[in-house]
Amino acid sequence: MLVGVCEDDAGIRRLLTGALRFAGHESVMAHSGSAALRLFGAESDVDVLVVDIGLPDSDGRDVCQALRSAGQHAPVLFLTALGAVHDRLSGFGAGGDDYVTKPFEIKELIARLEALGRRARPPLSTGSGLELDPVRHTARTASGGCC
């Protein structure tokens, strides 16, 4: 899985890079909202995004909305120090799919990202009635048979 991360704290970026690599995932890092917009637009092949709300040049919710408007459909997990109910609700209202507050448990964050990634990737259709699901490691025929 390729994870796009928009986080201004260098220590958290390093932690996420290492933890994602250890879990078998790749990451692309952005340190600001403007960098995230350049790196993670609709043409990006990221599977899931992690976006901080308190960025030096913008609000992460605005970044999420701009990415959605540009055609980016990857699930967005907000990772932020803002934990009030109205903050979480505004994150979901901005197009976020999950919300984790700092401080956080890295194992839980990775599990949440993997869950978002699983739900975001539809099965692949070969056009000949065969459907491949790389997440579940299954194949299904048009008649419903599974192997």
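Some observations on this one:
- Long-range neighbours under 7 Å by Cβ, at least six apart or interchain, first residue within 13 Å of Ser32 (Cα to Cα) within segment 1-12, second charged (D, E, K, R) and surrounded by 15 or more Cβ atoms within 10 Å (Cβ to Cβ): Val5/Arg13; Cys6/Asp52; Glu7/Arg13; Glu7/Asp52; Asp8/Asp52
- Residue in segment 43-65 that is exposed (fewer than 15 other Cβ atoms within 10 Å of the Cβ), modelled with pLDDT under 95 and over 22 Å from Gly93 (Cα atoms) present: yes
- Within segment 80-109, if we keep just the residues that are polar (S, T, N, Q) and out of contact with any Asp or Glu (no Cβ under 7 Å at 6 or more places or on another chain), the residue that is nearest to Leu16 (Cα to Cα) turns out to be Thr101.
- Here Arg13 does not qualify as charged (D, E, K, R), closer than 16 Å to Gly91 by Cα and surrounded by 14 or more Cβ atoms within 10 Å (Cβ to Cβ).
- When His31 is tested against (1) within 22 Å of Ala111 (Cβ to Cβ); (2) crowded, with 17+ Cβ neighbours inside 10 Å, just one condition goes unmet, and that condition is (1).
- Segment 75-92 - residue that is closer than 14 Å to Val51 by Cα and of a type in the set (Val, Ile, Thr) and, of those, surrounded by the most Cβ atoms within 10 Å (Cβ to Cβ): Val76
- Residue in segment 43-55 that is farthest from Lys102 (Cα to Cα), counting only those that are in contact with a helix residue (DSSP H, G or I) (Cβ under 8 Å, 6 or more places away or on another chain) and free of Cβ contacts under 8 Å to residues at least 60 places away in the same chain: Leu49
The values are calculated or read from the model by the stated rules, or taken from the named source; none is laboratory data. The model shown is predicted, which means the values in this text are computed figures rather than measured ones. So basically every Cβ, Gly included, is an ideal-geometry build from the backbone, and we count neighbours across all protein chains shown.
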